[in-house]
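**Student:** Attaching a single structure in structure tokens format; questions to follow.
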Amino acid sequence: MRLPFGTIAVSKKSRKLINTALDTLKLSSGRLVREFEAGFAGHIGTKEAVAVSTGTDADILALAVLHDFGARRGDEVILPALSFVATGNAVLHAGFKPVFVDVERHTLNIDPKKIERAITPKTRAIMPVHLMGKPADMDAINKIAKKHKLFVVEDAAEAHGAVYKGRNVGTLGDMAAYSLYIAHIITTIEGGIVTTDRPDFAEVLRSLRSHGRACKCRVCVVNTCDAYCEKRFKYGEGSDIRFVFERIGYSCKMNELEAAVGLGSLDTYKKIIAKRRANLLSMIAKFKKFEPWLTTIKEEKHEQIGPHAFAIILGEKAPFTRNELGLYLEKNGIETRHLFSSMPTQCPGFAYLGGKLGDFPNAEYIGNKGLHIGVHQDLGPRHVDYFIRKTEEFLKGKGLF
Ligand SMILES: Cc1ncc(COP(=O)(O)O)c(C=O)c1O
């Protein structure tokens, strides 16, 4: 049996839209991207959604917006030490200094009790990550942000379908950034999207994804209707709005073929979430018997974990390594991924910032002892049972079960 980490289905509707786009040669960002943005905003429950090339771009742009709202280059953004490396990279690419805070071991998320001591006069934003779809403690984070007048940008890359105290993750801060990469729940193959309730943020996001140009209309008449743009020469003789660059920008638009895949993916969202959540909750329940050698995250009463993947964390006294378990699962057809690492102290790329091993004990622990596996919609009860059986076999082989 095989349990791949991710899967993708391209629906009939997507194929039809792709073929129409190919036939009409309308391929660059246009009508389908606008339709996908409206659909995604509707799903999450925000007024605006701005689609980009990757989840990393979504993180970068959501932060780069802040330069139009009082932030300066070199200001600080607080983020968890443990995340996929894209979160830390994005802070740097947006022109900010990352200030890392350790995570809680049992939630994998930023420890709100440690945030205030990381705040300085240069802090502009907090960027919580809802790792493995488990919502960060947004009430505590928003309270701190309000007190210190900081922006909150959610990294919701892994949090499609996550709910915190009755509200969708992605609506809980000033902006949220999603990945639409192939292994995620709503996918455009490669892709990302920023959600927000603030039209002024969305305007700047639209400018940033297109080189920082002065064009920021929600629907571009040139790209969607082949029409003449009334605003194009409003900057006066000799200027053209498409060549007026108001801010330092990026080049990360989504294209029509990606949006076509995304529109099909939106239609199947509820079914996919239900299947993935059934797999996740069943794995969480069945995994309990492996404590204290192996643990995972728990779903608490106030939340629904977004079913991105299943986390496996070795207990402190486990007499085997993460890679021994990983290899055993891989040999039995179960694809595994490490559960990331402490960006400042376990990722060589960040070493120049001066972090030292031991600074972020919980993130480093997970970095050494964490794995995750897929819970996707092509898996079902027999795959879950197979995974549990193989894990049991591994522990029995170690004389632990
Ligand atoms: C927490 C987190 N942030 C950001 C990203 C970046 O997304 P992408 O791979 O679409 O650039 C990912 C990727 O999965 C992620 O897990």
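**Student:** Give me the angle, in degrees from 0 to 90, between the Cα long axis of helix 322-331 and the longest principal axis of the Cα atoms of the chain, rounded to the nearest 10.
**Tutor:** 80 degrees
**Student:** Taking amide hydrogens as modeled 1.01 Å from N in the peptide plane, which residues meet the under 5 Å criterion relative to Val152, leaving out close sequence neighbours?
**Tutor:** It is Ile126, Asp174, Met175, by chain and number.
**Student:** Mind checking which lysines have their C-alpha under 18 Å from Lys26, skipping anything on the same chain fewer than 8 residues away?
**Tutor:** Straight-line reach from Lys26, under 18 Å: Lys13, Lys16, Lys253.
**Student:** Show log10 I(q)/I(0) for segment 18-94 at q = 0.15 Å⁻¹, two decimals, from a solvent-free Debye sum over equal Cα scatterers.
**Tutor:** -0.71
**Student:** Counting other Cβ atoms within 10 Å, which GluC sites (Glu not before Pro) in segment 274-310 have at most 13 and lie in a DSSP loop?
**Tutor:** Values: sites: Glu299, Glu300, Glu303; in loops: Glu299, Glu300.
When the GluC sites (Glu not before Pro) of segment 274-310 are filtered for loop state and at most 13 Cβ neighbours within 10 Å, Glu300 remain.
**Student:** Follow-up. Quick one: work out the % antiparallel among DSSP beta bridges in the chain, nearest 5. Provide the component values of the computation, followed by the final result.
**Tutor:** On the way: 28 of 44 bridges.
Taking every DSSP beta bridge with both residues in the chain, the antiparallel ones total about 65 percent.
**Student:** Net charge around Arg73, counting only other residues with Cβ within less than 12 Å of its Cβ (Lys, Arg = +1; Asp, Glu = -1)? Numbers along the way, then the final one.
**Tutor:** Values: positive: Arg72, Lys97, Lys122, Arg124, Arg247; negative: Asp75, Glu76.
That sum, taken over residues with Cβ under 12 Å, equals +3.
**Student:** From the cross-link list Lys12/Lys286; Lys122/Lys234; Lys143/Lys317; Lys270/Lys369; Lys47/Lys271; Lys113/Lys216, which pairs have alpha carbons spaced over 28 Å apart? Walk me through the numbers before you get to the answer.
**Tutor:** On the way: Lys12/Lys286 36 Å; Lys122/Lys234 37 Å; Lys143/Lys317 37 Å; Lys270/Lys369 33 Å; Lys47/Lys271 24 Å; Lys113/Lys216 39 Å.
Flagged as over cut-off: Lys12/Lys286; Lys122/Lys234; Lys143/Lys317; Lys270/Lys369; Lys113/Lys216.
**Student:** Still on this structure: Considering only C-alpha atoms, what is the centroid distance from segment 279-315 to segment 372-398, in Å?
**Tutor:** 13 Å
**Student:** Quick one: divide the alpha-carbon radius of gyration of segment 219-367 by 2.2 N^0.38 Å and tell me what you get. It would help to have the intermediate numbers written out before the result.
**Tutor:** Values: Rg = 24.5 Å, N = 149, 2.2 N^0.38 = 14.7 Å.
Working it through for segment 219-367, the quotient is 1.66.
**Student:** Hey, can you grab everything whose amide H is under 5 Å from the amide H of Val244? Only 5+ residues off in sequence or another chain; H modelled, so Pro and N-termini drop out.
**Tutor:** Ala214
**Student:** List the relative contact order of segment 12-267 as a percent without decimals, with contacts defined as Cα pairs under 8 Å and 6+ residues apart. It would help to have the intermediate numbers written out before the result.
**Tutor:** Numbers: 542 pairs, mean separation 69.2, N = 256.
Relative CO of segment 12-267 lands at 27 percent.
**Student:** Now a separate question. Can you work out ³J(HN,Hα) from phi for every residue in segment 274-290, in order, using Karplus 6.51 cos²θ - 1.76 cosθ + 1.60 and θ = phi - 60°, giving whole Hz and x for Gly and Pro?
**Tutor:** Going residue by residue, I get 4, 5, 5, 5, 4, 4, 4, 5, 5, 4, 4, 5, 6, 7, 3, 5, 8 Hz, with x marking Gly and Pro.
**Student:** Quick one: divide the alpha-carbon radius of gyration of segment 198-301 by 2.2 N^0.38 Å and tell me what you get.
**Tutor:** Compared with the compact-globule rule of thumb, segment 198-301 sits at 1.80.
**Student:** Still on this structure, please answer the following. Hey, what do the phi angles of segment 191-203 turn into as Karplus ³J(HN,Hα) couplings, whole Hz, using 6.51/-1.76/1.60 and θ = phi - 60°, x for Gly and Pro?
**Tutor:** x, x, 7, 10, 10, 6, 8, 9, x, 5, 5, 4, 4
**Student:** Full extension from Leu353 to Leu22: what is 0.36 nm times the residue separation minus their Cα-Cα distance, to one decimal in nm? Provide the component values of the computation, followed by the final result.
**Tutor:** Working: separation 331, 0.36 × 331 = 119.16 nm, distance 4.64 nm.
Fully extending the segment from Leu353 to Leu22 adds 114.5 nm.
**Student:** Taking only DSSP H segments of four or more residues, each worth -39500 (n - 2.57), what value at 222 nm results for the chain once the sum is divided by all its residues, to the nearest 500 deg cm²/dmol?
**Tutor:** Details: 13 runs with 141 residues, N = 401.
Counting only the DSSP helices, I get -10500 deg cm²/dmol.
**Student:** How much net charge surrounds Val153 when only the other residues with a Cβ under 9 Å from the Cβ of Val153 are counted, with Lys and Arg +1 and Asp and Glu -1? Could you put the intermediate results ahead of the total?
**Tutor:** Values: positive: none; negative: Asp59, Glu154, Asp155, Asp174.
With Lys, Arg at +1 and Asp, Glu at -1, the neighbours total -4.
**Student:** Can you list the residues, at least 5 places off or on another chain, whose amide H is less than 5 Å from the amide H of Ser342, using H built in the peptide plane?
**Tutor:** Long-range HN contacts for Ser342: Gly367.
**Student:** Over the alpha carbons of the chain, what is the largest minus smallest coordinate on each principal axis, giving the biggest first in Å?
**Tutor:** Over the chain, Cα extents along the principal axes are 81, 53, 37 Å.
Coordinate-derived values only; no laboratory data. Just so it is clear, the model here is predicted, and its values are computed rather than measured. We place every Cβ from the backbone using ideal geometry, glycine too, and count neighbours over all the protein chains shown.
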